[in-house]
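Readers should treat all values here as calculations from the given coordinates under stated rules, not as data from a laboratory. This one's a predicted model, so the numbers in the text were calculated from it and none came from an experiment. In this analysis, Cβ positions are derived from the backbone assuming ideal geometry, glycine residues included, and neighbour counts consider all displayed protein chains.
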Amino acid sequence: MNILLERLKENVSAVIPIVVIVLILNFTLVPLETLTILRFLVGAVLLILGLSLFLVGVDIGITPLGSLTGSSLVKTNKLWIVLSVGFILAFFISLAEPGLLVLANQVGLVTAGQITSAELLIIVSIGLAVLVSLGFVRIFMSIPLYKWLMVCYVFVFILSLFSSPEFLAIAFDASGATTGILAVPFILALSVGVAGLRRDSKASEKDSFGLVAIASVGAIMSVLILGLFSGAREFATAQLELVRIGGRSVLHPFIRLIPGAVWESFVSILPLLVGLIVLQKFLFKLAPRPFRRMLKGFVYAFIGLFLFLDGVNGGFMEVASELGYRLAQRTNKLPLVVTGFGLGFVTIVAEPAVFVLTHQIEEVTAGYVKRKAVASALSLGVGTAVALSILRILVPGIKLWHYLLPGYIVALGMMYFVPKLFVGIAFDAGGVATGPMTATFILAFTQGAASAFEGANVLSDGFGMIALVAMAPIITLQALGLIFQARSRKEGVDSSAG
């Protein structure tokens, strides 16, 4: 019960800033229908309850599954078993990631089914699982993370040269969405266990970071490869009216969406549950009490995911789309850009995973890099990323690669000068930044804005925001790593441990 209350407080803090911004806009620039606002508030409550229950399930069921798997696989001392089991679990973890489920549904909606949600989920999950397995190989073979990431991103940029703008936007967004509130703690738990393959404890500490970054590259590669093999497509994009829910009562859309949300949650959680049961029989052999606790965690995760999907699709994202659409129609576009910046700024501050990350950095640097400094830098970076996404919609000449190419050149170049521990933390932080608020409300907001312009492409212009949000922490935290290095040298402290 204490865990649930703690998660409720965290998620209330995450959602309240969004609610405040919506209500301010409703009473000032963009008056909305009462029915729409009421649905938004119901959706927000369901989202808070759903995320809280889901995260409790992750805490007591799914993350322990990752930790036990990692430590048990190490005991086998057989790399092929580590790779195969890691691949299977990473694949199913990706399928159950709430942020990716929302993104896949949005892609299917906006492309009018030309790219189905199931197609995107499977392709992205395969890419993530392959790179997770290869990440284990990197740990086992003692390959430095920065060299591995450099090779991966060079390959990504080569693929990008032959990709359409639509697939480029979806690929980088999928990368951020798939490393969310479920995948990140699971992969981190798995990587800590697998890092035990290394006998060097200092190396094991460094290797416990970076697997999330490697996994996210797999999502990018898989979608870009899908685009190459599927050939040129002419996408007929759906407009805002397809996103809106409709109905005469406040609860109508939520009730109508229950069967779909239950089925989607069941299909997402079931493979992980089967995996737990199989591993318990052949590998874990836990006592009945801890095993029942893990099973209870899966029940919480199922109920939470159902409530989350119902709340998000029933009213939460509808308001985001309409706000983006209505603000984009105004003659003065400044409120649209400012609102985008504000949404990015407040959501990253309120993300529970960011709170954990900032404490982690303060601890690793022995207080040299303060938690508040990290949080402030992340807020400015993510707020700027969302504002730049809106600017890309307003100015047709600005393409997504105009941001991503120089951004990743800077990020990859910094790896050679930053303390190596910061490299892993920074690239992992890209997944932390793209949490459930980014993958739901802000994504729908940017798509709504793109729908307001006849010349804009909802697919290539409406997507891509998550990609920029994921890139911002990589640059920001590596910059903080340089600051830490400079300060520690000045004070005669060895920063190489980082």
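Would the stretch 113-178 count as rounded, prolate or oblate if I go by the C-alpha gyration tensor, calling it rounded below 1.5 in a/c and otherwise prolate when a/b exceeds b/c, oblate otherwise?
Values: a/c = 3.15, a/b = 1.60, b/c = 1.97.
Oblate shape, in that a/c is at least 1.5 and b/c is the bigger or equal ratio.
Between I143 and I258, with labels modelled 7 Å along Cα→Cβ, what's the label distance in nm to one decimal, could you check?
Taking the two extended label points, one gets 5.0 nm.
How would L251, L103 line up from fewest to most surrounding beta-carbon atoms within 10 angstrom?
L251, L103
Contact order normalised by length for the stretch 2-490, with contacts defined as Cα pairs under 8 Å and 6 or more residues apart; what percent is it?
26 percent
Order of E362, E264 from fewest to most other C-beta atoms within 10 Å?
If I rank by nearby Cβ atoms, fewest first, I get E362, E264.
Quote to one decimal, in nm, the extra length available between E119 and M150 on full extension: 0.36 nm per residue of separation minus the C-alpha distance between them.
Details: separation 31, 0.36 × 31 = 11.16 nm, distance 2.83 nm.
My answer for the length gained is 8.3 nm.
Taking the Cα atoms of the stretch 83-123 alone, what are Rg (to one decimal) and Dmax (as a whole number) in Å?
11.6, 37
Between L405 and F229, what length comes free when the chain is fully extended (0.36 nm per residue of separation minus the Cα-Cα distance, one decimal in nm)?
Going from the current span to full extension adds 61.1 nm.
What ranking, highest mean first, results for peptides 25-32, 322-329 when packing means the other Cβ atoms within 10 Å averaged over each residue?
Descending mean neighbour count gives 322-329, 25-32.
Over 32 Å between Cα atoms: which of K78/K420; K333/K370; K9/K399; K296/K420; K147/K490 fall into that group?
Long pairs (Cα-Cα over 32 Å): K333/K370; K9/K399; K296/K420.
Over the residues of the chain, compute the C-alpha Rg and express it relative to 2.2 N^0.38 Å.
Rounded to two decimals, the normalised Rg is 0.92.
Sorting I425, I37 on the 10 Å Cβ count, fewest up front, what's the list?
Arranged by neighbour count, lowest to highest, I425, I37 become I37, I425.
In debye, nearest 20: dipole of the chain around its Cα centre with unit charges on the Cβ of K, R (+) and D, E (-)? Mind dumping the intermediate values first?
Values: 33 positive and 25 negative charges, 230 e Å.
Its charge dipole is roughly 1100 debye.
What is the diffusion coefficient of the stretch 1-89 in µm²/s, taking the Kirkwood radius over Cα pairs and the Stokes-Einstein relation at 10 °C with a viscosity of 1.306 mPa s? Mind showing how you got there, number by number?
Working: Rh = 16.2 Å.
Rounded to a whole number, D works out at 98 µm²/s.
Just name one of T116, V184, V137: the one whose Cα is farthest towards the positive end of the charge dipole of the stretch 98-200 (beta-carbon charges, Lys/Arg +1, Asp/Glu -1).
V137
For the ranges 280-289, 156-165, what's the packing order if you count other beta-carbon atoms within 10 Å of each residue, average per peptide, and put the highest first? Could you put the intermediate results ahead of the total?
Values: 280-289: 11.8, 156-165: 15.6.
Taking the mean over residues of other Cβ atoms within 10 Å, the ranking is 156-165, 280-289.
When the chain is fully extended, how far beyond the present Cα-Cα distance does A373 get from L391, taking 0.36 nm per residue of separation?
Numbers: separation 18, 0.36 × 18 = 6.48 nm, distance 2.68 nm.
Result: 3.8 nm gained on full extension.
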